[in-house]
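The values are calculated or read from the model by the stated rules, or taken from the named source; none is laboratory data. Only a predicted model underlies this, so the values are computations on that prediction, with no experimental measurement involved. All Cβ positions, glycine included, derive from the backbone under ideal geometry; neighbour counts span all protein chains shown.
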Amino acid sequence: MAEKKQYLTQEKFDELTKELDHLKTVKRKEVAESLEYAKSLGDLSENAEYQEARGDQAEVEDRIKQIEAILISAEIVELHHSEKADIGSTVSIQKKGDSKTKTYKIVGSEEVDIANSKISLQSPLGEAMHGKRKGDEFNYKAPGGVIHYKIVGIE
C-alpha cells in the first residue's frame, strides 16, 4: 500500500528531523538507563518503576516510528502565491452576508495550528476551498449546518 504524502514546510521537516535525532540518541539512552535501574530493584511483576520505564520506552519507539513514516512520505512545500487555493497558499474567505474576512494558511496535517490560522488541506474547510479561485463561492458543512463562503483573496 502506498504511503499517503505528508506535506511539510522545510522548517517543519527540519524540526521533525531534529526531534527524531534527539529521540534516537538521547531519549533511547535515558529510557534504557531507567529500565536497567528498575530491573535492579528486583521483582519485575510488581515493580512500578519498571512498568513506567517500559511505558516510556513504548512511547519513544512509537514516536520514532511515527516521525520516520512522516519523513519518508514527506513532500516539501513552500508557502506561495497561487491562483487557486492549495497547499502552501494563504486564502482569505468571507462568510455570505458577513463583512468580516478570515484568512487561513493551508498546510499539511502535521503543521495544523488553528490558533495561528493554519488549517490542513484534509480538513473539511481545507477540502471545501481546495482548487477554488478568487471570487469563487463554496459551501462548508460545519457541525451547525452548511455555511456559504466566498474566496476574496489568495496569496
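The number of residues in the stretch 116-154 being exposed (fewer than 14 other Cβ atoms within 10 Å of the Cβ) and either of a type in the set (A, V, I, L, M) or in a loop (DSSP other than H, G, I, E, B) (or both) comes to 7. Scanning the stretch 107-122 for residues that are more than 16 Å from E155 (Cα to Cα) and either of a type in the set (A, V, I, L, M) or under 11 Å from the mean Cα position of the chain (by Cα) (or both) returns G108, S109, E110, E111, V112, D113, I114, A115, S120, Q122.
A residue that is over 18 Å from E155 (Cα atoms), in contact with an Asp or Glu (Cβ under 9 Å, 6 or more places away or on another chain), of a type outside the set (S, T, N, Q) and at pLDDT 90 or above occurs nowhere in the stretch 78-93. Taking G88, is it under 30 Å from S34 (Cβ atoms) and either under 22 Å from the mean Cα position of the chain (by Cα) or free of Cβ contacts under 8 Å to residues at least 12 places away in the same chain (or both)? In short, no.
As a summary of the residue check, D113 satisfies the conditions (1) among the acidic types (D, E); (2) farther than 25 Å from I76 by Cβ; (3) free of Cβ contacts under 8 Å to residues at least 12 places away in the same chain except for the one numbered (2).
Every residue, every condition in (1) hydrophobic (A, V, I, L, M, F, W, C); (2) in contact (Cβ under 8 Å) with a residue 40 or more places away in the chain, yes or no:
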position	(1), (2)
L8	yes, yes
E11	no, no
E19	no, yes
K27	no, no
S45	no, no
A48	yes, no
Q51	no, no
E75	no, yes
Q94	no, yes
